[in-house]
Amino acid sequence: MRSLIFGYGITGQSFARYLLKSSIDFDIYDQSSVDHPNAFTALPDRKKLESYQAVYMSPGVNLRKLYPNNELKNFLYLTDLDVFFQEDHSYKIGVTGTNGKSTCCMHLGQLIENSQILGNFGIPLLDKINSGKQYSIIELSSFQLEKMQQNFLDYGVLLNLRSDHLDHHGTLQNYHNAKKRILQSKKSSTNNDPFFIYHEIMGKRYQGALSYEHLVNLPHRLEVCQLGNGMKIINDSKSTNLDSLQYALTNLPKSAYHHLIIMGDPAKEQYTNLKIAGPSNVFICGKYSDLLAKKVSHPNKLIFCSLGDVLQHIKSLNHKSGILFSPGHPSGKDFKNFEVRGDYFKSLAKDTFDG
C-alpha cells in the first residue's frame with residue numbers, strides 16, 4: 001500500500017526523503033501544484049485518506065480550515081515528531097514558547113556537548129534520525145505540539161506564553177493548550193535559564209568555559225551593525241509578533257535608535273490597536289502597510305510602499321540617529337521568511353548609507 005504526504009513544505013519534503021530511503025511508495029497532497037508524478041491538489045476526503053497505509057501530516061496544515069465540519073475526528077496520522085520518537089535513540093529535549101525558542105536552543109547547543117539542534121530551528125527532524133548525536137535539542141512550534149500523538153520527550157521547556165498564531169488555532173486557549181502539551185514530557189520546566197536547564201538534564205552544574213556573556217546569540221535578533229558612515233542599524237527581523245517587538249522597545253536604550261521600521265502580515269494575532277512609545281518616528285512599509293497603518297498608533301507615523309523607500313527617506317533627513325528594524329509581524333507576502341527579510345534589510349541599509 002502507498003502512503004500520503006499531506007502538505008509539501010519543508011517538513012513534507014523531509015517526509016519524502018525519509019520515505020524514499022525506507023523504500024515506501026507515496027502520494028503527495030498540497031494546495032499548491034507540486035512537480036511530482038504522484039502529487040495532487042484536490043482535498044482528500046476521509047475515505048481517500050483511510051485508503052493509505054499511513055498519512056504523514058505536515059505541522060503547518062490547518063485542519064480546522066480544511067475540514068470545518070470536523071470530518072477527521074479521531075483519524076490517526078503521523079507527524080515528523082511521532083516518527084522521530086519511534087526511531088531515534090538520542091536524549092530528546094523539546095523547547096517551546098511564544099518567544100525565545102531559537103535563542104534557548106542555540107544556547108543549549110553551545111553548553112551540551114555531542115548535541116544537535118533540530119525541528120522548527122531549521123533542520124528537519126527526519127534528516128537527522130540516529131545521526132550519532134547523544135542529545136537532540138528540538139525547537140517545537142504550537143503546530144507541531146498540537147498534532148503529535150504522544151509526548152515522548154525526555155525533557156520539555158515551556159519558556160513563556162503570550163498571544164500568537166490565533167489565525168491558525170482559532171482561540172488563545174487552543175494556542176495555550178497546544179503549547180502546554182510540552183509539560184507532559186518525562187521531565188519539564190518553565191525556567192528559561194540555559195545553565196539551569198543544563199543542570200536539570202545533566203544532573204550536575206555546567207563546568208565548561210562558557211558564561212552568559214560568551215553565549216552566541218542568533219542572527220536577526222537585536223543584531224547591531226555599524227555602517228561605514230556612522231549610522232547604526234539594529235536588525236531584529238526575527239521579531240515576528242508583537243511581544244518580540246515590545247521586548248525590543250523595552251530593553252533597548254532609547255539612545256540606541258531614533259527610527260522604528262515595522263512591516264509584515266498582522267493576521268496571526270488579530271489585534272485592533274497597537275500604541276507605540278519610544279521612537280521619534282515609526283515607519284510602516286510593505287504589502288500590508290495600509291492595514292498596519294489602521295492598527296498602529298504613534299504621533300509621527302509615516303507610510304511607505306517599500307523598505308527601500310523608508311531608508312531613502314531616513315537618508316534624506318541627513319542625521320545619523322539609529323534605526324531599529326523590528327517588524328513585529330511574520331513576513332507574509334513581503335519575503336520568504338524572516339532570515340531573507342533581515343539579510344535584505346542589512347544589505348539595503350549598507351547600499352543606501354555607505355553608497
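The values are calculated or read from the model by the stated rules, or taken from the named source; none is laboratory data. Fair warning: this is a prediction, and the values are worked out from it, not measured in the lab. Glycine gets a Cβ as well: all are built from the backbone with ideal geometry, and neighbour counts include every protein chain shown.
Brief remarks on what is shown
- Qualifying residue in region 223-236 (condition: in contact (Cβ under 8 Å) with a residue 12 or more places away in the chain, surrounded by 14 or more Cβ atoms within 10 Å (Cβ to Cβ), of a type in the set (K, R) and part of a loop (DSSP other than H, G, I, E, B)): no
- Condition met for M1 (more than 27 Å from the chain's Cα centre (by Cα) and more than 30 Å from Y247 (Cβ to Cβ)): yes
- For region 25-39, filtering for residues that are over 23 Å from H165 (Cβ atoms) and either of a type in the set (D, E, K, R) or in contact with a strand residue (DSSP E or B) (Cβ under 6 Å, 6 or more places away or on another chain) (or both) leaves 9.
- Any hit, region 17-24, residues being out of contact with any strand residue (DSSP E or B) (no Cβ under 8 Å at 6 or more places or on another chain), closer than 26 Å to P68 by Cβ, of a type outside the set (A, V, I, L, M) and loosely packed, with under 13 Cβ neighbours inside 10 Å: no
- For region 187-222, the set of residues classified as loosely packed, with under 14 Cβ neighbours inside 10 Å, under 30 Å from G322 (Cα atoms) and of a type in the set (A, V, I, L, M) consists of V216 only.
- Annotation note: Cβ proximity below 7 Å between a residue of region 45-74 that is over 20 Å from D27 (Cβ atoms) and modelled with pLDDT of 95 or more and a residue that is hydrophobic (A, V, I, L, M, F, W, C) and buried (at least 17 other Cβ atoms within 10 Å of the Cβ) (sequence gap 6+ or interchain) occurs for no pair.
- Members of region 197-230 found to be over 19 Å from G342 (Cα atoms) and among the acidic types (D, E), listed by number: E200, E213
- With a requirement of 2 or more residues that are within 23 Å of G170 (Cα to Cα), the helices (runs of 4 or more DSSP H) lying completely within region 44-129 that satisfy it span 63-66.
- Per-region count, region 302-323, residues at negative phi, touching a helix residue (DSSP H, G or I) at 6+ places or on another chain (Cβ under 9 Å) and touching a residue at least 24 places away in the same chain (Cβ under 8 Å): 9
One line per residue, one yes/no per condition, for (1) in the same structural domain as I233 (by TED's automatic domain parsing); (2) under 23 Å from the mean Cα position of the chain (by Cα); (3) aromatic (F, W, Y):
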position	(1), (2), (3)
I284	yes, yes, no
S289	yes, yes, no
L302	yes, no, no
C305	yes, no, no
P330	yes, yes, no
F338	yes, yes, yes
K346	yes, yes, no
K350	yes, no, no
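- Selected residue (criterion: surrounded by the fewest Cβ atoms within 10 Å (Cβ to Cβ)) from residues of region 97-126 that are among the polar types (S, T, N, Q) and over 10 Å from the mean Cα position of the chain (by Cα): N114
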